[in-house]
């Protein structure tokens, strides 16, 4: 999630989680910057 992304749920997979697990997952996430075209390993 980018720092400018709205705080609403951005993924249907994440949205499908029960509220408690969704909050735990999102609290453990950290923002990263990705460059268009770069390869993730």
**Asked** Roughly how many nanometres apart are two label points built 7 Å out from the Cα toward the Cβ at residue 24 and residue 40?
**Response** 2.2 nm
**Request:** For residue 12 and residue 33, compute 0.36 nm times the residue count separating them, minus their Cα-Cα distance, and round to one decimal in nm.
**Result:** 5.4 nm
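Computed from the coordinates by the stated procedures, all read-outs in this text should not be read as laboratory data. Only a predicted model underlies this, so the values are computations on that prediction, with no experimental measurement involved. Here the Cβ is made from the backbone with ideal geometry for all residues, glycine too, and neighbour counts use every protein chain on show.
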